[in-house]
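A short worksheet on the structure shown next.
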Amino acid sequence: MLRPTYKHLSKDYAPFSPYSDGGVLIYTGRLFACIDKCADDVNDWKVSMNIPQGEHLIVNGNVYTKSTNWVDRDDGMNIYIGRQKPIETASVIAVIDSGLPEEIQLSLSADIPKLMVYFQERLGKLSGVKPTLFASYAKVEDRSSQGGTLPNQIFMHWNLNDLDKKVKDTKFINQTTWFFAHEVAHLYQRSKYGALYGESNQSWLHEGNADWLAALALLDLYPKTEEYVTEKIGRFKEHCVKGLTELTLMEAADEGQFGLYYTCGLLIHRAIDHSVQKKSNGLKNIYSLWNEFRQKVEQGNEKGSETFLALVEQYTSKELVIRIKKLVETRLSNPEDTLNRLIIDK
Ligand SMILES: [Zn+2]
């Protein structure tokens with residue numbers, strides 16, 4: 001008997017996301033398995049698929065029928081199998097569940113390209129092939145939704161039965177736009193050699209950045225969301241303060257408190273952004289910093305927070321970096337005070 005040993009993945013995406021017409025999105029990263037133990041240098045996975053008659057398979061933006069095979073690697077990717085035809089637009093190849101409420105379908109086809117243009121103007125064009133957007137919907141008794149990105153892929157799944165009602169609620173629409181903006185921002189956090197961020201206990205770097213960029217995009221593109229954004233940042237601060245009274249930010253990944261990387265992470269990036277703008281008299285901002293961070297990694301510097309914080313020091317001050325490190329690495333007696341001090345010279 002074969003006992004599949006699953007390869008450890010830096011992200012834990014669901015293996016299957018059903019579409020309401022019977023199609024399914026499969027995350028291949030969950031299928032990588034070795035007979036006994038996976039050696040560290042194993043990174044080529046031969047995958048072959050037989051495709052049912054009348055259906056097709058989408059791999060890397062290409063459509064196949066009958067059967068096909070390919071070599072998969074790294075964190076894997078999402079592939080679609082079903083009857084839905086992909087639609088190619090100027091910015092993405094889209095496979096949007098036709099069972100999703102019209103409001104969400106419209107938002108996906110209008111807001112995602114708009115957000116891509118917005119981030120592209122600030123962070124540069126994506127390298128490689130046009131990304132594929134997968135959006136699936138299962139009308140089931142549950143209350144979850146998940147989104148994520150992989151190289152050149154962005155995907156979201158809704159697993160709930162009252163989406164028709166929810167879309168009438170402005171707060172839900174704002175949340176969804178924020179969720180889209182966050183995922184789109186992740187697409188721009190890569191260099192031509194892969195992700196710019198490192199270990200999962202440093203996730204304040206990419207999750208915090210994606211959330212701060214989401215806030216900026218919402219305020220710029222959808223000014224009516226201002227109250228929502230302000231209120232959300234207030235809640236983030238409460239969440240971060242509460243979490244950091246119990247553990248350090250570095251420990252959050254192992255302690256099941258991953259949410260702190262979003263909330264505390266946004267506050268860190270907001271402080272950095274303010275400080276960069278102040279020091280450069282408004283000539284530079286968080287985007288200038290990330291563009292140079294990408295360049296540094298492409299020039300051979302290590303990806304992750306060490307390289308990032310060295311740049312933050314150049315763009316702002318040693319004092320800010322000391323404060324950020326204190327927030328990330330140490331157990332704080334008064335997290336609220338430490339957070340308030342992040343923004344130097346308000
Ligand atoms: Zn994220």
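When the range 140-188 is filtered for residues that are outside any helix (DSSP H, G or I), of a type in the set (Phe, Trp, Tyr) and touching a strand residue (DSSP E or B) at 6+ places or on another chain (Cβ under 8 Å), the ones remaining, listed by number, are PHE155, TRP158. Within the range 82-132, the set of residues being hydrophobic (A, V, I, L, M, F, W, C), within 28 Å of LYS171 (Cα to Cα) and part of a helix (DSSP H, G or I) comprises ILE104, LEU106, LEU108, ALA110, ILE112, LEU115, MET116, VAL117, PHE119.
Taking the residues in the range 191-216 that are more than 10 Å from TYR261 (Cα to Cα) and away from the ligand (no atom under 14 Å from the Cβ) as candidates, determine which candidate is surrounded by the most Cβ atoms within 10 Å (Cβ to Cβ). Selected residue: LEU216.
Here is a yes/no grid of residues against (1) closer than 22 Å to GLY61 by Cβ; (2) away from the ligand (no atom under 15 Å from the Cβ); (3) of a type in the set (S, T, N, Q):
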| residue | (1), (2), (3) |
| --- | --- |
| GLU103 | no, yes, no |
| SER109 | yes, yes, yes |
| THR132 | yes, yes, yes |
| SER145 | no, no, yes |
| PRO151 | yes, no, no |
| ASP169 | no, yes, no |
| PHE180 | yes, no, no |
| ALA185 | yes, no, no |
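In the range 247-274, the residues that are more than 16 Å from GLU207 (Cβ to Cβ) form Cβ pairs under 9 Å with partners that are part of a helix (DSSP H, G or I) and within 16 Å of the ligand (Cβ to nearest atom), at six or more places apart or across chains, as follows: LEU247/LEU260. Per the listing SER98, SER20, the residue uniquely assigned by TED's automatic domain parsing to the domain that holds LYS166 and either polar (S, T, N, Q) or more than 30 Å from LYS166 (Cα to Cα) (or both) is SER98.
Candidates in the range 252-293 are the residues that are within 16 Å of the ligand (Cβ to nearest atom) and aromatic (Phe, Trp, Tyr); of these, the one that is modelled with the lowest pLDDT is PHE258.
Just one residue in the set LEU221, LEU163, LEU213, LEU205 is outside the structural domain of TYR287 (by TED's automatic domain parsing) and in contact (Cβ under 8 Å) with a residue 40 or more places away in the chain; that residue is LEU163. Residues that are in contact (Cβ under 8 Å) with a residue 24 or more places away in the chain, assigned to a loop (DSSP other than H, G, I, E, B) and either within 19 Å of HIS186 (Cα to Cα) or more than 16 Å from the ligand (Cβ to nearest atom) (or both) do not occur anywhere in the range 226-238.
The values are calculated or read from the model by the stated rules, or taken from the named source; none is laboratory data. None of the values given here were measured: they were computed from a predicted structure. Using ideal geometry, Cβ is built from the backbone for each residue, glycine included, and neighbour counts are taken over all protein chains shown.
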